[in-house]
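Heads up: the structure comes next, in structure tokens.
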Amino acid sequence: MSDTWTEQHIPDQHGRVAIVTGANTGLGFETARMLAERGAAVVLAVRDVEKGEQATARITGDVTVQALDLTSLDSIRSAAADLRATHHRIDLLINNAGVMYTPRQTTADGFELQLGTNHLGHFALTGLLLDRLLPVPGSRVVTVSSTGHRIRAAIHFDDLQWERSYSRVGAYGQSKLANLMFTYELQRRLAPLGTTIATAAHPGLSRTDLLRNTPAVLRTPVTWIAPLLGQTAEMGALPTLRAATDPAVVGGQYYGPGDRREVKGHPKPVSSSPDSHDQVAQQRLWTVSEELTGVTYPALTPQPEPS
């Protein structure tokens, strides 16, 4: 595989349908733009429809907007019903939307905001749309994680919603670790079917408004470092796009920027933390996620418990 994979390596996407969450700005916008310019029919699944419509005006191609609030299971179910009615097939589901380092808040359903948005919302959306992907050879679910999955990160099954104490950084790390554990467990369950794969990606240090909630103690260093060491949203979107479109990608791979620290550079396969590969924890998280969201994946047979 090329060490300098760029936008020009994205294969022709005509005839394919791609849904990108959080696509009205930043990484999601660039992901949607590049897919549309390669011919995909792209759905911007966004909370703010007006901003989504403004984003479509800046993209050349077949682009539509779907209202989706990942902090509300009612909104997720409504969006999934709309998408199922409009699209009989889905080739790409890109779980991109996310929040980072937010103050302690809860979703409409009482979930800690970062876990609820970054993981549980996407878990529910994927489950509700999966039967539109499974019949499509080469279809993919791509979930955007972060190097933050290594930072103070664990799945706190004894206090998943951070009700006893709260850490912005720890809660973010938990949600991004959950993204990877979901991807690996989803891939294991998809593998016997042979049509759809699950992959993950992270953007490195990209200059987007996701940094707006950085804690005060970190804000000044980040403000200086991001412009110097980080990369544009266009470059930050490339790992996601490679995970979504490169014919050489296999299920369960994780893509990130190619420099030594995975901060910037052209996308390549990268590794994730040992915790992310804990199959017992992956399966436990899957079960808890089903219980919390009420969304199950009946088409997928759970694989045997690891010994």
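The values are calculated or read from the model by the stated rules, or taken from the named source; none is laboratory data. Since the structure is predicted, the reported quantities are computational estimates derived from the model, not experimental observations. Cβ coordinates were reconstructed from backbone atoms using ideal geometry, including for glycine residues, and neighbour counts include every protein chain displayed.
Of note:
- Selection from segment 10-29 of residues that are surrounded by fewer than 24 Cβ atoms within 10 Å (Cβ to Cβ) and in a loop (DSSP other than H, G, I, E, B): 10, 11, 12, 13, 14, 15, 16, 25
- Long-range neighbours under 9 Å by Cβ, at least six apart or interchain, first residue among the charged types (D, E, K, R) within segment 43-60, second surrounded by 14 or more Cβ atoms within 10 Å (Cβ to Cβ) and assigned to a strand (DSSP E or B): 47/67; 48/67; 53/44; 53/65
- Of the residues making up segment 93-133, those that are in a loop (DSSP other than H, G, I, E, B), surrounded by fewer than 23 Cβ atoms within 10 Å (Cβ to Cβ) and not hydroxyl-bearing (Ser, Thr, Tyr) are 99, 100, 103, 104, 105, 108, 109, 110, 111.
- Within segment 137-174, being part of a helix (DSSP H, G or I), among the hydroxyl-bearing types (Ser, Thr, Tyr) and at pLDDT 95 or above holds for one residue alone: 172.
- Matching entry among 45, 32 (being crowded, with 16+ Cβ neighbours inside 10 Å and under 26 Å from residue 171 (Cβ atoms)): 45
- Any hit, segment 73-87, residues being out of contact with any Gly (no Cβ under 8 Å at 6 or more places or on another chain), in contact (Cβ under 8 Å) with a residue 12 or more places away in the chain, among the acidic types (Asp, Glu) and not in a helix (DSSP H, G or I): no
- Among the residues of segment 233-259, just one is surrounded by fewer than 21 Cβ atoms within 10 Å (Cβ to Cβ) and polar (S, T, N, Q), namely 253.
- Pair list, Cβ < 6 Å and 6+ apart or interchain, from segment 282-297 residues that are on the phi < 0 side of the Ramachandran plot to residues that are of a type in the set (D, E, K, R) and outside any loop (DSSP other than H, G, I, E, B): 282/185; 286/185; 296/290
- Search result, residues across segment 153-204 that are aromatic (Phe, Trp, Tyr), over 18 Å from residue 142 (Cβ atoms) and in contact (Cβ under 8 Å) with a residue 60 or more places away in the chain: 157, 166, 172
- Those residues of segment 271-307 which are of a type in the set (Ser, Thr, Tyr), out of contact with any strand residue (DSSP E or B) (no Cβ under 9 Å at 6 or more places or on another chain) and modelled with pLDDT of 95 or more, in sequence order: 273, 287, 289, 293, 296, 297
- Hits in segment 60-71 - residues which are closer than 20 Å to residue 116 by Cβ and surrounded by fewer than 19 Cβ atoms within 10 Å (Cβ to Cβ): 67
A quick yes/no check of all residues on (1) touching a Gly at 6+ places or on another chain (Cβ under 7 Å); (2) within 21 Å of residue 117 (Cβ to Cβ); (3) at pLDDT 55 or above; (4) assigned to a loop (DSSP other than H, G, I, E, B):
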position: 211; (1), (2), (3), (4): no, yes, no, no
position: 217; (1), (2), (3), (4): no, no, no, no
position: 220; (1), (2), (3), (4): no, no, no, no
position: 225; (1), (2), (3), (4): no, no, no, no
position: 228; (1), (2), (3), (4): no, no, no, no
position: 242; (1), (2), (3), (4): no, no, yes, no
position: 247; (1), (2), (3), (4): no, no, yes, yes
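- Count of segment 32-60 residues which are assigned to a loop (DSSP other than H, G, I, E, B) and within 20 Å of residue 88 (Cα to Cα): 2
- Hey, residue 177 more than 15 Å from the chain's Cα centre (by Cα), modelled with pLDDT of 95 or more, crowded, with 19+ Cβ neighbours inside 10 Å and outside any strand (DSSP E or B) or not: no
- Checklist (1) in contact (Cβ under 8 Å) with a residue 40 or more places away in the chain; (2) within 22 Å of residue 143 (Cβ to Cβ); (3) not small (Gly, Ala, Ser) applied to residue 69, failing item: (1)
- Given (1) among the charged types (D, E, K, R); (2) touching a Lys or Arg at 6+ places or on another chain (Cβ under 8 Å); (3) more than 21 Å from residue 143 (Cβ to Cβ), number of the condition residue 84 does not satisfy: (3)
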